[in-house]
């Protein structure tokens, strides 16, 4: 998936991926896509929950190898 | 919908691990666009105390309590396996290894995200604490009615 910006959260746990995502998304334009790379598997359920609450769109998650996960969110 | 929900967390406990849990939830909720208020009461006041040992207007009993429970993020113990500070030090070094934010990092992060800090005036009176005994991050000094006013309209209310 094509992303407009990337956030590296590998090695980070709660609450950091969500705190960093919320800061990053504030700097982005509506419609842009943010890619977040993480290795805490909690992000698979945390990111959709975050997106629903903040009114942004969760686009999906995929394995990035080496236990890393790539998730995508579109700013509304 | 963003901005419509609020979270109140009563921080009753003054232990490092419990404070970390409270701040973890507070910062996450604030990141989700929720309005967050942390109401520090009883032992939880220690989390937002300056950690100094000023006598002030304390009675001998209050003065002794202040000595035994100094407060300030750097003086908090673990609720389990503290072992006179050895457990605390191990826990802090493990947290560092896993790049988890310390309480000293979480507190300013919470403020930056707009988390509101309230210190309970009743517990302050009981322990002989003045406003000056607290860090500047405390926004308000208030009582149970303030907490209940916020909690009754909040969707998440926690007691830690």
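Assorted remarks:
Yes/no matrix, rows are residues, columns are (1) within 14 Å of another protein chain (Cβ to nearest Cβ); (2) within 23 Å of residue B:16 (Cβ to Cβ):
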residue	(1), (2)
B:64	no, yes
B:68	no, yes
B:74	no, yes
B:82	no, yes
B:104	no, yes
B:120	no, yes
B:124	no, yes
B:128	no, no
B:155	yes, no
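- Condition check for residue A:25: touching a residue at least 24 places away in the same chain (Cβ under 8 Å), assigned to a helix (DSSP H, G or I) and surrounded by 15 or more Cβ atoms within 10 Å (Cβ to Cβ): yes
- The one condition from (1) in contact with a helix residue (DSSP H, G or I) (Cβ under 7 Å, 6 or more places away or on another chain); (2) closer than 23 Å to residue B:61 by Cα that residue B:133 does not meet is (1).
- Some residue of the stretch B:28-43 being closer than 22 Å to residue B:159 by Cβ, without any contact (Cβ under 8 Å) to a residue 40 or more places away in the chain, assigned to a helix (DSSP H, G or I) and away from chain A (no Cβ under 14 Å): yes
- Residue that is surrounded by the fewest Cβ atoms within 10 Å (Cβ to Cβ), among those in the stretch B:65-77 that are without any contact (Cβ under 8 Å) to a residue 60 or more places away in the chain and not in a loop (DSSP other than H, G, I, E, B): B:68
- Subset of the stretch A:1-25 that is more than 9 Å from the chain's Cα centre (by Cα) and away from every other protein chain (no Cβ under 14 Å) - its residue that is nearest to residue B:94 (Cα to Cα): A:5
- Of residues in the stretch A:26-45 being within 14 Å of chain B (Cβ to nearest Cβ) and within 9 Å of the chain's Cα centre (by Cα), the one nearest to residue A:68 (Cα to Cα): A:38
- Identity of the residue in the stretch B:78-101, part of a loop (DSSP other than H, G, I, E, B) and out of contact with any helix residue (DSSP H, G or I) (no Cβ under 6 Å at 6 or more places or on another chain), that ends up farthest from residue B:25 (Cα to Cα): B:80
- All positions within the stretch B:125-160 that are modelled with pLDDT under 95, touching a strand residue (DSSP E or B) at 6+ places or on another chain (Cβ under 9 Å) and part of a loop (DSSP other than H, G, I, E, B): B:129, B:143, B:153, B:154, B:155
- Single condition residue B:25 does not satisfy, out of (1) surrounded by 16 or more Cβ atoms within 10 Å (Cβ to Cβ); (2) out of contact with any strand residue (DSSP E or B) (no Cβ under 7 Å at 6 or more places or on another chain); (3) within 14 Å of chain A (Cβ to nearest Cβ): (2)
- Condition met for residue B:52 (away from every other protein chain (no Cβ under 14 Å) and either in contact with a helix residue (DSSP H, G or I) (Cβ under 7 Å, 6 or more places away or on another chain) or at positive phi (or both)): no
- Contact annotation: no residue pair with Cβ atoms under 7 Å, 6 or more positions apart or on different chains, pairs a residue in the stretch B:121-139 that is in contact (Cβ under 8 Å) with a residue 40 or more places away in the chain with a partner that is loosely packed, with under 12 Cβ neighbours inside 10 Å and not in a loop (DSSP other than H, G, I, E, B).
The values are calculated or read from the model by the stated rules, or taken from the named source; none is laboratory data. Just so it is clear, the structure is predicted and the values come from calculations on it, not from any experiment. Heads up, the Cβs are rebuilt from the backbone with ideal geometry, glycines too, and the neighbour counts pull from every protein chain shown.
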